[in-house]
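Peer 1: Below you'll find the structure I mean.
Computed from the coordinates by the stated procedures, all read-outs in this text should not be read as laboratory data. Quick caveat: nothing in here was measured; it's all calculated off a predicted structure. Cβ: placed from backbone, ideal geometry, glycine included. Neighbour counts: every protein chain shown.
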Amino acid sequence: MSGLVFDSIVKKFGDFTAVHETSLTIPQGKFVCLLGPSGCGKTTLLRMIAGLEDPTTGRILLEGNDVTRIPTHQRDFGMVFQNLALFPHLSVGENIAYPLRIRGGSKADCFKAVKRLLDLVQLPDMADRPVARLSGGQKQRVAIARALALEPKLFLLDEPLSALDAKLRESMQIELKQLQQKLGITTIVVTHDQREAMTMADLVVVMSQGKVHQVAPPVEIYRKPKDAFVADFIGSTNLISGRVSAAGKIAVAGGTLLADDLPKSGDVTLSVRPENIRLTKENGENSLGTLTGDVSYIRDLGASIEFYLNVAGQQITAITTPSDRPDVVAGDSVSVAFPKDACVVLGDA
Amino acid sequence: MKIKPGKFSDYAAIGFPAGMLTVFFVIPFGIMIAMSFFQRVQGAFYEPAFVFENYARFLSTFFAGILGFSVGLAALVAVVSVLLAFPFTYILTRMARQTQVVWLVFLLSVLSLSEVLIGFGWSTLLSRTAGITNLLVSLGIMDKPMSLSPSFGAVMTGMVYQTFPYTVLVLYPALSRLDPSLVEAARTLGSGPARSFLNVVVPALRNSIVSTLIMVFVFALGCYLLPQLLGKPSHWTLSVLITDQAIYQSNMPFAAAMAVFLVLVSLSLVAISLLYGKKENAG
């Protein structure tokens, strides 16, 4: 099997299980984001790849070879730490050349490599600068260059952009993605920021409480969340519970909705993204998949308009563009249409 | 904008520490400097004067040799203490909180032992009749017990034993603040554990190491009981001689002159190392 494989990995710290039994395959050359709230075990998973933590049970395989017991310093994986961990007593160039120097690289080789890497991260002519005199974004780039100095098989990043301000973070996300595409290196990034994951990842691994919830490309995570946790964590959503009444039909408070991939019977939870809900002024005739509600509040953000609705006692949020805005004000009754393909049936979390 | 303190009450806040410093440091030190120029009266005590006799007497090869030995011994004690304490403290800071507390309490209790207790304790431990060589004999490592004291090794052992807890306690804050991800980063970049310690931990804490060396050096320079208890007369330091002159020979002016000289030497050594450190940092 190619790529990086987690084979029944479990990690416990004393009585606390940080990572429950996890099996996962990360394909060669992909950009993968481990996404979840803090304390969900994503950093522990990354540290196990780097060898900074030993799994309690299970194996980690890289291109078919078991690397579980190989010490960190023999794995040759590049890693960028959350606080970057640049060596304060070395200059930019010495930091980047560190992995080459300890392997006995000659001065000329180190110099050439530093120049190439600094060009790669767009910081030319910075080699002699002391690390303390760099800005946050520059330190970020130096840490990336240092981690890539060995041309590692795996590129690991632990919340690498969390220290940057919002604007710089967004541009670094795009830059990091382009860098990864240029080098074609398997990259694993830990993040708690779902926008960051959506921007960069080929594959998102959603985790919470030490468990992997879903592994899928970002768009699929958004459109077809597997359970309520994923639906709620990625973007905002409306969770509606109901009971399967007939084939393809769900009885919910206030009417009947339609959905694909329904179980034959039983209680189900639906996730409907706010932007997929269609609003029209109440006209008295309700078809299947349409409920009646009251507008409780309208929040006009210019580029989009959010409608807070009360539908049969449940709070529902809908988002429209200015051109689709229905002609309603707070207090009006509206028809709330839930298109069949927008109603995603969730599994158990 | 700079606020100018005008009223007397603005200075009141620094009055207390300034006063304490004056009463307990400036005045005694001033008296000592003054006394170093006094004239000794044979058979009596001393009388106020302004002579350089005491300093002149000091500038002989005999006292220069003792000064050299004192400084060398203090430097060696400082280096050995830091060499032992630095890895120890590094490992200590990586242990569980509970273990750290137990060790720190133990070290503090060692610190509470007086120099006299440490001196006599070690002289018993290094003696022929009751010392650790008896243990080695019963283990079959040595043929017969021998006396290890008085000797230079015994002086070193006693002094390092005394300075080790200080050294650990001074290094502890800096080492426990050290970002553990620095070492982890070195490991991901291909450094083994020993190499990352030498390549990353030691240089990152260079300033703490230098200041600890200076502190232990100054501390060891003032040590005067252990060299007498554990060493031969040839291992006696300048501090021993100062005590001898002041208390047994009743030659206060000469003792004061030697003390002033010792202070000047240690101050200039500290200044040199600080200056050197500053230059390194700037470059």
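Peer 1: About the Cα centre of chain A, how large is the charge dipole given +1 on each Lys and Arg Cβ and -1 on each Asp and Glu Cβ? Please answer in debye to the nearest 20.
Peer 2: 1200 debye
Peer 1: For chain A, modelled as a Gaussian network with Cα springs under 10 Å, which listed residue fluctuates most, A:142, A:206, A:121?
Peer 2: Result: A:121 has the largest fluctuation of those listed.
Peer 1: Net charge near residue A:256: determine it from the other residues with C-beta under 12 Å of the C-beta of residue A:256, scoring Lys and Arg +1 and Asp and Glu -1.
Peer 2: For residues surrounding residue A:256, the net value is +3.
Peer 1: Here is a further query. Would you give the gap between the C-alpha center of segment A:124-170 and the C-alpha center of segment B:240-263, rounded to a whole Å?
Peer 2: If we compute the Cα centre of each part, the gap is 60 Å.
Peer 1: Using the count of nearby Cβ atoms within 10 Å as a rough guide to exposure, how do B:236, B:122 rank from fewest to most?
Peer 2: By the 10 Å Cβ count, ascending: B:236, B:122.
Peer 1: Roughly what % of Cα-Cα distances in chain A sit above 32 Å, to the whole percent?
Peer 2: Cα-Cα pairs in chain A separated by more than 32 Å: 45 percent.
Peer 1: Additional query: Could you give the distance between the Cα centres of segment A:47-75 and segment A:309-349, to the whole Å?
Peer 2: Their Cα centres are 48 Å away from one another.
Peer 1: Follow-up question, since we're still on this one. Once every DSSP H run of n ≥ 4 in the protein assembly as shown is given -39500 (n - 2.57) and the sum is divided by its residues, what mean residue ellipticity at 222 nm do you get, rounded to the nearest 500 deg cm²/dmol?
Peer 2: About -13500 deg cm²/dmol.
Peer 1: Now for a different question. Roughly how tilted is helix A:92-101, in degrees to the nearest 10 and between 0 and 90, from the longest Cα axis of chain A?
Peer 2: For A:92-101 against chain A, the angle is about 70 degrees.
Peer 1: Extending each Cα 7 Å along its Cβ direction at residue B:195 and residue B:263, get the distance between those two points in nm, one decimal.
Peer 2: 5.1 nm
Peer 1: Using the count of nearby Cβ atoms within 10 Å as a rough guide to exposure, how do B:187, A:47 rank from fewest to most?
Peer 2: Taking fewest neighbouring Cβ atoms as first place, the list is A:47, B:187.
Peer 1: Indicate the gyration tensor shape class of segment B:57-282 (rounded, prolate or oblate), computed on the Cα atoms with a ≥ b ≥ c the square roots of the eigenvalues: a/c under 1.5 is rounded; otherwise a/b larger than b/c is prolate and the rest oblate.
Peer 2: In terms of gyration-tensor shape, oblate.
Peer 1: Taking beta carbons within 10 Å but only from partner chains, what does the mean come to for residues B:175-187?
Peer 2: Values: counts 0, 0, 0, 0, 5, 3, 8, 8, 2, 8, 14, 7, 9.
Going residue by residue through B:175-187 and averaging, the value is 5.
Peer 1: Just add up the charged neighbours of residue A:190: K/R +1, D/E -1, any other residue whose Cβ is under 11 Å from the Cβ of residue A:190.
Peer 2: Its environment carries a net charge of -2.
Peer 1: Can you tell me the relative contact order of segment B:57-282? Whole percent, Cα pairs under 8 Å, sequence separation 6 or more.
Peer 2: Working: 223 pairs, mean separation 62.9, N = 226.
28 percent.
Peer 1: Further question: Just to be sure I understand the rule: take each whole DSSP H helix in chain B, project its Cα atoms onto its long axis, keep it if the span is 20 Å or more and its mean Kyte-Doolittle hydropathy is at least -1.0. Which ones pass? Provide the component values of the computation, followed by the final result.
Peer 2: On the way: long enough: B:61-93 (46 Å, 2.06); B:97-111 (21 Å, 1.39); B:152-177 (37 Å, 0.86); B:206-221 (22 Å, 1.76); B:252-282 (44 Å, 1.41).
Membrane-span-like by this rule: B:61-93, B:97-111, B:152-177, B:206-221, B:252-282.
Peer 1: Hey, another quick one. With N denoting the number of residues in the protein assembly as shown, provide Rg(C-alpha) divided by 2.2 N^0.38 Å, to two decimal places.
Peer 2: 1.44
Peer 1: Let me ask something additional. Relative to the longest principal axis of chain A, what angle (0 to 90°, nearest 10) does the C-alpha long axis of helix A:136-148 take?
Peer 2: Helix A:136-148 and the main axis of chain A meet at about 70 degrees.
Peer 1: For peptide A:79-92, compute the average count of partner chain beta-carbon atoms within 10 Å of each residue's beta-carbon.
Peer 2: Shielding by partners across A:79-92 averages 5.
Peer 1: Under 10 Å, Cα contacts only: if you run a Gaussian network model on chain A, which one of A:13, A:338, A:77 comes out with the highest mean-square fluctuation?
Peer 2: The residue that fluctuates most here is A:13.
Peer 1: Between 0 and 90 degrees, rounded to the nearest ten: what's the tilt of helix A:107-120 against the longest Cα principal axis of chain A?
Peer 2: Once rounded, one gets 20 degrees.
Peer 1: Cut-off is 10 Å between beta-carbons; in what order do A:320, B:212 appear when sorted fewest neighbours first?
Peer 2: A:320, B:212
Peer 1: Could you work out, residue by residue across A:47-57, how many beta carbons of other chains sit within 10 Å of that residue's beta carbon, and then give the average as an integer?
Peer 2: Counting other chains' Cβ atoms within 10 Å and averaging over A:47-57 gives 1.
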